[in-house]
Amino acid sequence: MSGIKNSVKRIWASRFIFLSFILMLVFSQFLLQYREDVWPKMYMLIALVAGVLVLLFANLKNPKAIARNTFVLIAFLGIANSLIMPIRQNLDENTHYYYALQIADGKARIQTDEMNYLMVSPDFLAITKLPSKPGYGSPENTNLYTKEFLELDSLPADYSYKAVSPGKFNNPAYLPSALGIKVGRLISDKLFVSYYMGRIFNLIFYALLAYLAVKRSQIYKKQLFLMATIPYALWIPAGYSYDSLYYGLILLVFAQLTNFLDKNSKATIKQLILYELTCLLLIFCKAPVIVLAALPIFLPKETFDINKARLKIFCMGGIVALIGGTWLLQESILRLLGSIVDNPNVEIFSNPNVNRMGYFIAHPFYSLGVLIRSFFDMIATTTLSVEVPQPFFISAKALSSINLFIFTILILLVIMAFHEKVTPVFKISLSVIIVFIAVAVIYAISGDSRVFSIGDLYVAGVQGRYHYYILVALPLLFADKVRGALGSLGVMADTLNQEKLTTCLMTTMLILNFLNTAIAVFGYL
(Lines give C-alpha, C1' and ligand atoms only; values in the text may rest on other atoms or scores of the structure.)
Protein backbone atom coordinates (compact mmCIF):
# COMPACT_ATOMS: atom_id res chain seq x y z
CA MET A 1 0.00 0.00 0.00
CA SER A 2 2.83 2.41 0.90
CA GLY A 3 4.44 1.68 -2.49
CA ILE A 4 1.24 2.66 -4.28
CA LYS A 5 0.98 5.87 -2.25
CA ASN A 6 4.57 6.77 -3.11
CA SER A 7 3.91 6.14 -6.80
CA VAL A 8 0.83 8.35 -6.69
CA LYS A 9 2.85 11.09 -4.96
CA ARG A 10 5.56 10.89 -7.63
CA ILE A 11 2.99 11.11 -10.42
CA TRP A 12 1.31 14.18 -8.88
CA ALA A 13 4.69 15.78 -8.20
CA SER A 14 5.68 15.29 -11.85
CA ARG A 15 2.35 16.74 -13.00
CA PHE A 16 2.81 19.73 -10.72
CA ILE A 17 6.29 20.43 -12.11
CA PHE A 18 5.04 19.91 -15.68
CA LEU A 19 2.22 22.43 -15.16
CA SER A 20 4.77 24.78 -13.59
CA PHE A 21 6.85 24.50 -16.77
CA ILE A 22 3.89 25.55 -18.90
CA LEU A 23 3.12 28.48 -16.63
CA MET A 24 6.76 29.58 -16.65
CA LEU A 25 6.81 29.53 -20.46
CA VAL A 26 3.65 31.60 -20.65
CA PHE A 27 4.44 34.17 -17.96
CA SER A 28 8.07 34.58 -19.02
CA GLN A 29 6.74 36.46 -22.04
CA PHE A 30 5.41 39.19 -19.73
CA LEU A 31 8.61 39.51 -17.68
CA LEU A 32 10.40 41.00 -20.69
CA GLN A 33 8.45 44.25 -20.87
CA TYR A 34 10.65 45.79 -23.53
CA ARG A 35 9.82 43.02 -26.03
CA GLU A 36 7.02 43.30 -28.53
CA ASP A 37 4.20 40.79 -28.14
CA VAL A 38 5.47 37.61 -29.83
CA TRP A 39 4.79 33.91 -29.27
CA PRO A 40 7.62 31.76 -30.72
CA LYS A 41 5.74 28.47 -30.82
CA MET A 42 8.68 26.43 -32.12
CA TYR A 43 11.00 27.52 -29.33
CA MET A 44 8.29 27.17 -26.70
CA LEU A 45 7.83 23.58 -27.87
CA ILE A 46 11.60 22.92 -27.74
CA ALA A 47 11.80 24.21 -24.16
CA LEU A 48 8.71 22.27 -23.10
CA VAL A 49 9.95 19.00 -24.65
CA ALA A 50 13.31 19.46 -22.91
CA GLY A 51 11.57 19.95 -19.57
CA VAL A 52 9.39 16.87 -20.09
CA LEU A 53 12.41 14.74 -21.02
CA VAL A 54 14.19 15.81 -17.84
CA LEU A 55 11.16 14.72 -15.80
CA LEU A 56 11.01 11.38 -17.66
CA PHE A 57 14.67 10.45 -17.29
CA ALA A 58 15.60 12.11 -13.98
CA ASN A 59 14.84 10.73 -10.53
CA LEU A 60 14.56 13.87 -8.45
CA LYS A 61 13.32 12.07 -5.33
CA ASN A 62 16.33 9.77 -5.09
CA PRO A 63 19.43 11.44 -3.56
CA LYS A 64 21.60 8.59 -4.85
CA ALA A 65 20.65 9.47 -8.42
CA ILE A 66 22.39 12.84 -8.21
CA ALA A 67 25.07 11.94 -10.79
CA ARG A 68 22.50 10.71 -13.29
CA ASN A 69 20.34 13.76 -12.66
CA THR A 70 23.38 15.97 -13.30
CA PHE A 71 23.77 14.52 -16.78
CA VAL A 72 20.03 14.52 -17.56
CA LEU A 73 19.48 18.12 -16.49
CA ILE A 74 22.53 19.46 -18.34
CA ALA A 75 21.96 17.34 -21.46
CA PHE A 76 18.28 18.04 -22.15
CA LEU A 77 18.04 21.66 -21.03
CA GLY A 78 21.49 22.34 -22.47
CA ILE A 79 20.46 21.02 -25.90
CA ALA A 80 17.38 23.25 -25.73
CA ASN A 81 19.72 26.17 -24.97
CA SER A 82 21.88 25.22 -27.99
CA LEU A 83 18.85 25.47 -30.26
CA ILE A 84 17.43 28.62 -28.66
CA MET A 85 20.66 30.66 -28.71
CA PRO A 86 20.92 32.56 -32.02
CA ILE A 87 23.82 31.96 -34.38
CA ARG A 88 27.20 33.38 -33.22
CA GLN A 89 25.72 34.59 -29.93
CA ASN A 90 27.82 32.64 -27.51
CA LEU A 91 30.92 34.44 -26.24
CA ASP A 92 33.48 34.76 -29.08
CA GLU A 93 31.56 31.96 -30.76
CA ASN A 94 32.59 32.75 -34.32
CA THR A 95 36.27 32.48 -33.38
CA HIS A 96 35.69 29.15 -31.63
CA TYR A 97 33.72 27.96 -34.69
CA TYR A 98 36.70 28.89 -36.88
CA TYR A 99 38.95 26.53 -34.90
CA ALA A 100 36.38 23.72 -34.72
CA LEU A 101 35.83 23.80 -38.50
CA GLN A 102 39.53 23.22 -39.20
CA ILE A 103 39.63 20.17 -36.91
CA ALA A 104 36.42 18.88 -38.51
CA ASP A 105 38.24 19.14 -41.85
CA GLY A 106 41.02 16.95 -40.46
CA LYS A 107 43.57 19.73 -39.95
CA ALA A 108 45.70 19.19 -36.86
CA ARG A 109 47.32 22.61 -37.26
CA ILE A 110 45.86 26.10 -37.79
CA GLN A 111 45.84 26.76 -41.52
CA THR A 112 45.52 30.53 -41.66
CA ASP A 113 44.24 33.48 -39.65
CA GLU A 114 40.53 34.01 -39.00
CA MET A 115 40.11 36.77 -41.61
CA ASN A 116 41.65 34.76 -44.44
CA TYR A 117 39.72 31.67 -43.40
CA LEU A 118 36.63 33.43 -44.77
CA MET A 119 38.10 32.80 -48.22
CA VAL A 120 38.99 29.19 -47.41
CA SER A 121 35.73 27.94 -45.89
CA PRO A 122 32.37 28.74 -47.53
CA ASP A 123 30.67 27.48 -44.35
CA PHE A 124 32.57 29.94 -42.16
CA LEU A 125 31.88 32.79 -44.58
CA ALA A 126 28.17 31.97 -44.73
CA ILE A 127 27.78 31.84 -40.93
CA THR A 128 29.79 35.05 -40.46
CA LYS A 129 27.60 36.97 -42.91
CA LEU A 130 24.28 36.03 -41.26
CA PRO A 131 22.38 38.78 -39.37
CA SER A 132 23.13 39.30 -35.70
CA LYS A 133 21.91 41.96 -33.27
CA PRO A 134 25.09 42.31 -31.16
CA GLY A 135 27.43 41.61 -34.08
CA TYR A 136 26.10 43.89 -36.80
CA GLY A 137 23.35 45.88 -35.05
CA SER A 138 20.84 43.96 -37.12
CA PRO A 139 17.14 44.32 -36.19
CA GLU A 140 16.91 40.54 -35.98
CA ASN A 141 18.96 37.50 -34.99
CA THR A 142 19.58 34.38 -37.05
CA ASN A 143 17.74 31.37 -35.66
CA LEU A 144 15.50 28.46 -36.64
CA TYR A 145 12.98 30.91 -38.08
CA THR A 146 15.53 32.30 -40.57
CA LYS A 147 14.78 30.85 -44.01
CA GLU A 148 18.12 31.98 -45.47
CA PHE A 149 20.01 30.10 -42.75
CA LEU A 150 17.99 26.89 -43.10
CA GLU A 151 18.50 26.77 -46.87
CA LEU A 152 22.32 27.07 -46.79
CA ASP A 153 24.24 24.01 -48.00
CA SER A 154 27.45 22.91 -46.32
CA LEU A 155 30.33 23.29 -48.80
CA PRO A 156 33.88 21.88 -48.59
CA ALA A 157 36.74 24.22 -47.68
CA ASP A 158 39.50 24.98 -50.19
CA TYR A 159 42.86 24.76 -48.43
CA SER A 160 44.78 25.56 -51.60
CA TYR A 161 44.14 29.26 -51.02
CA LYS A 162 47.33 31.37 -51.14
CA ALA A 163 47.07 32.51 -47.50
CA VAL A 164 47.12 28.93 -46.16
CA SER A 165 50.27 27.76 -44.38
CA PRO A 166 50.29 25.47 -41.31
CA GLY A 167 50.87 27.24 -38.01
CA LYS A 168 50.69 25.96 -34.44
CA PHE A 169 48.62 22.96 -33.43
CA ASN A 170 44.87 23.32 -33.08
CA ASN A 171 43.44 23.16 -29.57
CA PRO A 172 42.13 19.67 -28.66
CA ALA A 173 39.41 21.41 -26.62
CA TYR A 174 37.51 21.82 -29.89
CA LEU A 175 37.42 18.10 -30.67
CA PRO A 176 33.84 17.55 -29.36
CA SER A 177 32.49 20.41 -31.49
CA ALA A 178 34.50 19.22 -34.50
CA LEU A 179 33.12 15.71 -34.09
CA GLY A 180 29.60 17.16 -33.95
CA ILE A 181 30.21 19.10 -37.18
CA LYS A 182 31.50 15.92 -38.83
CA VAL A 183 28.47 13.90 -37.72
CA GLY A 184 26.16 16.71 -38.83
CA ARG A 185 27.67 16.65 -42.31
CA LEU A 186 27.05 12.91 -42.51
CA ILE A 187 23.42 13.38 -41.47
CA SER A 188 22.62 16.21 -43.88
CA ASP A 189 24.20 18.53 -46.42
CA LYS A 190 22.46 21.50 -44.78
CA LEU A 191 24.77 23.87 -42.92
CA PHE A 192 22.39 24.47 -40.00
CA VAL A 193 22.48 20.74 -39.15
CA SER A 194 26.28 20.58 -38.78
CA TYR A 195 26.31 23.94 -36.96
CA TYR A 196 23.84 22.83 -34.31
CA MET A 197 25.41 19.37 -34.03
CA GLY A 198 28.74 21.03 -33.22
CA ARG A 199 27.07 22.94 -30.42
CA ILE A 200 25.19 19.92 -29.11
CA PHE A 201 28.26 17.63 -29.04
CA ASN A 202 30.13 20.30 -27.08
CA LEU A 203 27.29 20.45 -24.57
CA ILE A 204 27.04 16.65 -24.23
CA PHE A 205 30.80 16.52 -23.65
CA TYR A 206 30.40 18.90 -20.71
CA ALA A 207 27.45 16.89 -19.38
CA LEU A 208 29.60 13.73 -19.41
CA LEU A 209 32.46 15.43 -17.55
CA ALA A 210 30.04 16.80 -14.95
CA TYR A 211 28.45 13.35 -14.55
CA LEU A 212 31.87 11.74 -14.02
CA ALA A 213 32.84 14.37 -11.45
CA VAL A 214 29.70 13.92 -9.36
CA LYS A 215 29.82 10.13 -9.78
CA ARG A 216 33.44 9.83 -8.65
CA SER A 217 33.12 12.26 -5.77
CA GLN A 218 32.83 10.69 -2.34
CA ILE A 219 32.14 13.70 -0.09
CA TYR A 220 31.50 16.63 -2.45
CA LYS A 221 28.56 15.53 -4.62
CA LYS A 222 26.05 18.22 -3.68
CA GLN A 223 28.62 20.97 -4.01
CA LEU A 224 29.67 19.76 -7.47
CA PHE A 225 26.07 19.31 -8.61
CA LEU A 226 25.24 22.92 -7.74
CA MET A 227 28.24 24.28 -9.62
CA ALA A 228 27.71 21.95 -12.58
CA THR A 229 24.14 23.18 -13.02
CA ILE A 230 24.58 26.88 -12.28
CA PRO A 231 22.69 28.48 -15.21
CA TYR A 232 25.69 30.01 -16.99
CA ALA A 233 27.36 26.58 -17.01
CA LEU A 234 24.40 25.35 -19.09
CA TRP A 235 24.55 28.28 -21.52
CA ILE A 236 28.25 28.77 -22.27
CA PRO A 237 28.96 25.09 -23.20
CA ALA A 238 25.73 25.12 -25.26
CA GLY A 239 27.62 26.97 -27.99
CA TYR A 240 31.10 26.77 -29.53
CA SER A 241 33.37 27.31 -26.54
CA TYR A 242 36.26 25.58 -24.81
CA ASP A 243 34.67 26.47 -21.47
CA SER A 244 32.88 23.12 -21.71
CA LEU A 245 36.28 21.52 -21.11
CA TYR A 246 37.22 24.14 -18.50
CA TYR A 247 34.10 23.72 -16.36
CA GLY A 248 34.17 19.94 -16.67
CA LEU A 249 37.84 19.70 -15.70
CA ILE A 250 37.40 22.01 -12.69
CA LEU A 251 34.59 19.75 -11.46
CA LEU A 252 36.80 16.68 -11.93
CA VAL A 253 39.76 18.37 -10.21
CA PHE A 254 37.73 19.17 -7.09
CA ALA A 255 36.02 15.77 -7.13
CA GLN A 256 39.45 14.11 -6.91
CA LEU A 257 40.92 16.70 -4.55
CA THR A 258 38.10 16.29 -2.02
CA ASN A 259 38.40 12.52 -2.29
CA PHE A 260 41.92 12.94 -0.90
CA LEU A 261 40.33 14.66 2.12
CA ASP A 262 38.04 11.73 2.83
CA LYS A 263 39.19 10.27 6.17
CA ASN A 264 37.88 6.82 5.15
CA SER A 265 40.38 6.36 2.30
CA LYS A 266 44.03 6.90 1.42
CA ALA A 267 45.34 8.50 -1.77
CA THR A 268 47.25 6.08 -4.01
CA ILE A 269 49.91 6.83 -6.61
CA LYS A 270 47.42 5.98 -9.35
CA GLN A 271 44.94 8.54 -8.00
CA LEU A 272 47.64 11.20 -7.79
CA ILE A 273 48.76 10.57 -11.37
CA LEU A 274 45.13 10.85 -12.57
CA TYR A 275 44.74 14.11 -10.64
CA GLU A 276 47.89 15.60 -12.17
CA LEU A 277 46.78 14.56 -15.67
CA THR A 278 43.40 16.22 -15.11
CA CYS A 279 45.16 19.44 -14.09
CA LEU A 280 47.44 19.17 -17.14
CA LEU A 281 44.43 19.23 -19.48
CA LEU A 282 43.56 22.69 -18.13
CA ILE A 283 46.41 24.03 -20.28
CA PHE A 284 44.05 23.72 -23.27
CA CYS A 285 41.41 26.07 -21.84
CA LYS A 286 42.61 28.22 -18.92
CA ALA A 287 46.39 27.91 -18.61
CA PRO A 288 46.91 29.68 -15.23
CA VAL A 289 44.53 27.26 -13.48
CA ILE A 290 47.02 24.44 -14.09
CA VAL A 291 48.77 25.43 -10.83
CA LEU A 292 45.99 23.55 -8.99
CA ALA A 293 48.30 20.59 -9.67
CA ALA A 294 50.41 21.77 -6.71
CA LEU A 295 47.62 21.45 -4.12
CA PRO A 296 48.22 17.81 -3.05
CA ILE A 297 51.66 18.86 -1.72
CA PHE A 298 49.89 20.70 1.10
CA LEU A 299 47.74 17.78 2.23
CA PRO A 300 48.60 16.08 5.56
CA LYS A 301 51.09 13.21 5.41
CA GLU A 302 48.49 10.68 6.60
CA THR A 303 46.41 11.42 3.49
CA PHE A 304 48.65 9.21 1.34
CA ASP A 305 49.12 5.49 1.01
CA ILE A 306 52.61 5.86 -0.50
CA ASN A 307 56.10 6.67 0.75
CA LYS A 308 57.70 10.05 0.03
CA ALA A 309 54.37 11.30 -1.34
CA ARG A 310 55.29 14.98 -1.43
CA LEU A 311 58.48 14.33 -3.37
CA LYS A 312 56.56 12.29 -5.94
CA ILE A 313 53.86 14.97 -6.20
CA PHE A 314 56.55 17.60 -6.70
CA CYS A 315 58.14 15.55 -9.49
CA MET A 316 54.77 14.98 -11.16
CA GLY A 317 54.00 18.68 -10.86
CA GLY A 318 57.31 19.45 -12.53
CA ILE A 319 56.43 17.16 -15.44
CA VAL A 320 52.99 18.82 -15.72
CA ALA A 321 54.64 22.26 -15.77
CA LEU A 322 57.16 21.13 -18.43
CA ILE A 323 54.50 19.67 -20.73
CA GLY A 324 52.20 22.65 -20.18
CA GLY A 325 55.01 25.09 -20.89
CA THR A 326 55.90 23.21 -24.07
CA TRP A 327 52.31 23.57 -25.29
CA LEU A 328 52.28 27.31 -24.54
CA LEU A 329 55.63 27.82 -26.30
CA GLN A 330 54.85 25.50 -29.21
CA GLU A 331 54.80 28.27 -31.81
CA SER A 332 58.34 29.39 -30.92
CA ILE A 333 59.52 25.77 -30.85
CA LEU A 334 57.97 25.03 -34.26
CA ARG A 335 59.61 28.14 -35.69
CA LEU A 336 63.00 27.02 -34.39
CA LEU A 337 62.43 23.67 -36.05
CA GLY A 338 61.52 25.39 -39.30
CA SER A 339 58.01 23.95 -39.23
CA ILE A 340 56.36 27.38 -39.34
CA VAL A 341 57.22 29.84 -42.10
CA ASP A 342 55.57 33.28 -42.23
CA ASN A 343 53.21 33.56 -45.19
CA PRO A 344 53.62 36.89 -47.05
CA ASN A 345 49.89 36.77 -47.91
CA VAL A 346 48.90 36.95 -44.22
CA GLU A 347 49.06 40.38 -42.58
CA ILE A 348 50.53 40.21 -39.06
CA PHE A 349 49.03 42.72 -36.63
CA SER A 350 51.25 44.06 -33.86
CA ASN A 351 49.88 44.06 -30.31
CA PRO A 352 50.88 47.19 -28.34
CA ASN A 353 50.38 45.31 -25.05
CA VAL A 354 52.94 42.59 -25.70
CA ASN A 355 55.75 44.31 -23.74
CA ARG A 356 53.55 45.51 -20.87
CA MET A 357 55.52 43.62 -18.18
CA GLY A 358 58.37 46.13 -18.29
CA TYR A 359 55.91 49.00 -17.91
CA PHE A 360 54.16 47.35 -14.96
CA ILE A 361 57.49 46.79 -13.18
CA ALA A 362 58.62 50.36 -13.83
CA HIS A 363 55.33 51.78 -12.47
CA PRO A 364 54.57 49.75 -9.34
CA PHE A 365 51.93 52.09 -7.86
CA TYR A 366 49.98 52.22 -11.10
CA SER A 367 50.24 48.42 -11.42
CA LEU A 368 49.03 47.93 -7.84
CA GLY A 369 46.04 50.19 -8.52
CA VAL A 370 45.16 48.28 -11.69
CA LEU A 371 45.41 44.99 -9.82
CA ILE A 372 43.24 46.08 -6.87
CA ARG A 373 40.55 47.56 -9.12
CA SER A 374 40.60 44.44 -11.31
CA PHE A 375 40.12 42.26 -8.21
CA PHE A 376 37.04 44.22 -7.19
CA ASP A 377 35.77 44.10 -10.75
CA MET A 378 36.34 40.33 -10.71
CA ILE A 379 33.95 39.99 -7.75
CA ALA A 380 31.34 42.14 -9.48
CA THR A 381 31.54 40.28 -12.79
CA THR A 382 31.34 36.91 -11.02
CA THR A 383 28.08 38.03 -9.46
CA LEU A 384 26.91 39.31 -12.83
CA SER A 385 27.57 35.91 -14.45
CA VAL A 386 25.27 34.33 -11.87
CA GLU A 387 22.58 36.96 -12.43
CA VAL A 388 22.70 37.03 -16.24
CA PRO A 389 23.88 33.64 -17.55
CA GLN A 390 22.94 34.08 -21.21
CA PRO A 391 25.49 35.76 -23.53
CA PHE A 392 24.42 39.04 -25.18
CA PHE A 393 20.98 38.93 -23.60
CA ILE A 394 20.01 41.06 -20.62
CA SER A 395 17.28 39.03 -18.97
CA ALA A 396 14.36 40.44 -17.00
CA LYS A 397 15.51 42.16 -13.81
CA ALA A 398 13.16 39.92 -11.86
CA LEU A 399 14.95 36.83 -13.21
CA SER A 400 18.38 38.29 -12.39
CA SER A 401 17.28 38.81 -8.80
CA ILE A 402 15.83 35.29 -8.62
CA ASN A 403 19.06 33.78 -9.99
CA LEU A 404 21.23 35.57 -7.45
CA PHE A 405 18.89 34.98 -4.51
CA ILE A 406 18.45 31.24 -5.14
CA PHE A 407 22.14 30.68 -5.82
CA THR A 408 23.10 32.54 -2.64
CA ILE A 409 20.75 30.41 -0.54
CA LEU A 410 21.89 27.16 -2.15
CA ILE A 411 25.61 27.93 -1.90
CA LEU A 412 25.16 28.65 1.81
CA LEU A 413 23.33 25.35 2.24
CA VAL A 414 25.97 23.26 0.45
CA ILE A 415 28.71 25.06 2.40
CA MET A 416 26.91 24.15 5.62
CA ALA A 417 26.52 20.57 4.39
CA PHE A 418 30.29 20.05 3.98
CA HIS A 419 31.64 18.53 7.21
CA GLU A 420 35.02 17.09 6.22
CA LYS A 421 37.98 18.49 8.15
CA VAL A 422 40.25 20.77 6.14
CA THR A 423 43.56 21.78 7.73
CA PRO A 424 44.49 25.47 8.05
CA VAL A 425 47.64 24.85 6.00
CA PHE A 426 45.60 23.47 3.11
CA LYS A 427 43.10 26.37 3.27
CA ILE A 428 45.91 28.92 3.23
CA SER A 429 47.61 27.13 0.34
CA LEU A 430 44.37 26.95 -1.63
CA SER A 431 43.74 30.66 -0.98
CA VAL A 432 47.25 31.61 -2.13
CA ILE A 433 46.87 29.53 -5.29
CA ILE A 434 43.48 31.12 -6.01
CA VAL A 435 44.99 34.60 -5.68
CA PHE A 436 47.90 33.58 -7.91
CA ILE A 437 45.52 32.25 -10.58
CA ALA A 438 43.40 35.41 -10.41
CA VAL A 439 46.47 37.62 -10.83
CA ALA A 440 47.73 35.45 -13.71
CA VAL A 441 44.34 35.64 -15.44
CA ILE A 442 44.23 39.43 -15.02
CA TYR A 443 47.75 39.72 -16.45
CA ALA A 444 46.95 37.38 -19.36
CA ILE A 445 43.81 39.33 -20.31
CA SER A 446 45.74 42.61 -20.08
CA GLY A 447 47.59 41.43 -23.19
CA ASP A 448 44.41 41.75 -25.24
CA SER A 449 44.41 45.24 -26.76
CA ARG A 450 40.65 45.01 -27.33
CA VAL A 451 39.94 45.26 -23.59
CA PHE A 452 43.03 46.92 -22.06
CA SER A 453 45.57 49.56 -22.98
CA ILE A 454 48.47 50.84 -20.90
CA GLY A 455 47.05 53.68 -18.79
CA ASP A 456 43.62 52.12 -18.20
CA LEU A 457 42.55 51.97 -14.55
CA TYR A 458 41.61 48.28 -14.58
CA VAL A 459 41.56 45.24 -16.90
CA ALA A 460 38.02 45.31 -18.26
CA GLY A 461 38.14 42.00 -20.10
CA VAL A 462 38.31 39.74 -17.02
CA GLN A 463 34.90 38.05 -16.97
CA GLY A 464 33.31 36.40 -13.96
CA ARG A 465 32.97 33.07 -15.73
CA TYR A 466 36.79 32.79 -15.80
CA HIS A 467 36.77 32.36 -12.02
CA TYR A 468 34.55 29.30 -11.91
CA TYR A 469 37.22 27.55 -9.83
CA ILE A 470 36.62 30.03 -6.97
CA LEU A 471 32.93 29.16 -6.74
CA VAL A 472 33.71 25.43 -6.67
CA ALA A 473 36.28 25.97 -3.89
CA LEU A 474 34.03 28.03 -1.57
CA PRO A 475 32.77 25.12 0.60
CA LEU A 476 36.36 23.96 1.22
CA LEU A 477 37.38 27.41 2.40
CA PHE A 478 34.39 28.57 4.41
CA ALA A 479 32.43 25.57 5.70
CA ASP A 480 33.74 25.91 9.27
CA LYS A 481 33.20 29.67 9.41
CA VAL A 482 29.68 29.52 7.96
CA ARG A 483 28.62 26.75 10.35
CA GLY A 484 30.13 28.68 13.25
CA ALA A 485 28.40 31.94 12.27
CA LEU A 486 25.04 30.20 11.85
CA GLY A 487 25.54 28.31 15.11
CA SER A 488 25.95 31.60 16.96
CA LEU A 489 22.55 32.57 15.53
CA GLY A 490 20.99 29.35 16.79
CA VAL A 491 21.03 27.55 13.40
CA MET A 492 22.68 24.17 13.86
CA ALA A 493 24.21 22.88 10.62
CA ASP A 494 24.59 19.38 12.07
CA THR A 495 20.79 19.00 12.07
CA LEU A 496 20.64 19.53 8.30
CA ASN A 497 19.05 16.52 6.60
CA GLN A 498 21.52 15.67 3.83
CA GLU A 499 19.08 13.59 1.76
CA LYS A 500 16.34 16.21 1.84
CA LEU A 501 18.88 18.87 0.96
CA THR A 502 19.98 16.82 -2.06
CA THR A 503 16.43 16.35 -3.38
CA CYS A 504 15.61 20.01 -2.76
CA LEU A 505 18.81 21.04 -4.54
CA MET A 506 18.07 18.91 -7.62
CA THR A 507 14.45 20.10 -7.94
CA THR A 508 15.34 23.75 -7.39
CA MET A 509 18.12 23.76 -9.99
CA LEU A 510 15.84 22.09 -12.52
CA ILE A 511 13.19 24.76 -12.05
CA LEU A 512 15.73 27.60 -12.03
CA ASN A 513 17.38 26.42 -15.26
CA PHE A 514 14.05 25.90 -16.97
CA LEU A 515 12.98 29.40 -15.94
CA ASN A 516 16.14 30.84 -17.53
CA THR A 517 15.46 28.83 -20.68
CA ALA A 518 11.83 30.02 -20.76
CA ILE A 519 12.85 33.68 -20.50
CA ALA A 520 15.52 33.21 -23.20
CA VAL A 521 12.89 31.81 -25.59
CA PHE A 522 11.46 35.34 -25.82
CA GLY A 523 14.50 37.44 -24.97
CA TYR A 524 16.74 36.16 -27.77
CA LEU A 525 14.24 36.82 -30.59
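The values are calculated or read from the model by the stated rules, or taken from the named source; none is laboratory data. Computed from a predicted model, the values in this text were never measured in an experiment. When we count neighbours, we look across all protein chains shown, and the Cβ atoms used for this are built from the backbone with ideal geometry, even at glycine. Protein only, heavy atoms only, side chains kept; ligands, DNA and RNA dropped before computing areas. Shrake-Rupley method; radii C 1.70, N 1.55, O 1.52, S 1.80 Å.
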- Query: Among the residues of region 234-251, which ones are closer than 14 Å to Ile200 by Cα, among the small types (Gly, Ala, Ser) and in a helix (DSSP H, G or I)?
  - Reply: Ala238, Ser244
- Message: Testing Leu337 on (1) open to solvent by 70 Å² or more (accessible area, probe 1.4 Å); (2) of a type outside the set (D, E, K, R); (3) farther than 30 Å from Lys162 by Cα, one condition comes back false. Which one is that?
- Response: (3)
- Hey, could you check region 431-462 for residues that are buried (at least 19 other Cβ atoms within 10 Å of the Cβ) and under 23 Å from Leu224 (Cβ atoms) and say which is farthest from the chain's Cα centre (by Cα)? Ile433
- Considering only helices (runs of 4 or more DSSP H) wholly within region 1-92, the ones with at least 3 residues that are open to solvent by less than 20 Å² (accessible area, probe 1.4 Å) and modelled with pLDDT of 75 or more are 41-57, 66-84
- Message: So Leu251 passes all but one of these: (1) surrounded by fewer than 24 Cβ atoms within 10 Å (Cβ to Cβ); (2) within 21 Å of Leu471 (Cβ to Cβ); (3) of a type outside the set (Asp, Glu). Which condition number does it fail?
- Response: (1)
- Among (1) open to solvent by 10 Å² or more (accessible area, probe 1.4 Å); (2) farther than 30 Å from Leu410 by Cα; (3) not polar (S, T, N, Q), which single condition is Gly198 missing? (1)
- Output for Cβ contacts, cut-off 9 Å, separation at least six or different chains, first residue open to solvent by 90 Å² or more (accessible area, probe 1.4 Å) in region 353-381, second at pLDDT below 80 and among the aromatic types (Phe, Trp, Tyr), reads Arg373/Tyr458; Phe376/Tyr458
- Query: Which of the residues that make up region 167-189 are open to solvent by 60 Å² or more (accessible area, probe 1.4 Å) and either among the basic types (Lys, Arg) or under 29 Å from the mean Cα position of the chain (by Cα) (or both)?
  - Reply: Lys168, Phe169, Leu175, Leu179, Lys182, Arg185, Leu186, Ile187
- Task: Take Val425 and decide whether it is free of Cβ contacts under 8 Å to residues at least 12 places away in the same chain and surrounded by fewer than 18 Cβ atoms within 10 Å (Cβ to Cβ).
- Result: no
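Look at Leu311 and say whether it is modelled with pLDDT of 95 or more and either out of contact with any Pro (no Cβ under 7 Å at 6 or more places or on another chain) or over 30 Å from Asn81 (Cβ atoms) (or both).
Against the criterion (modelled with pLDDT of 95 or more and either out of contact with any Pro (no Cβ under 7 Å at 6 or more places or on another chain) or over 30 Å from Asn81 (Cβ atoms) (or both)), Leu311 does not qualify.
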- Task: Quick one: which residue in Phe284, Phe298, Phe314 is open to solvent by less than 70 Å² (accessible area, probe 1.4 Å) and either of a type in the set (Phe, Trp, Tyr) or within 27 Å of His96 (Cβ to Cβ) (or both)?
- Result: Phe284
- Residue check, Thr142 buried (at least 22 other Cβ atoms within 10 Å of the Cβ) and among the polar types (S, T, N, Q): yes
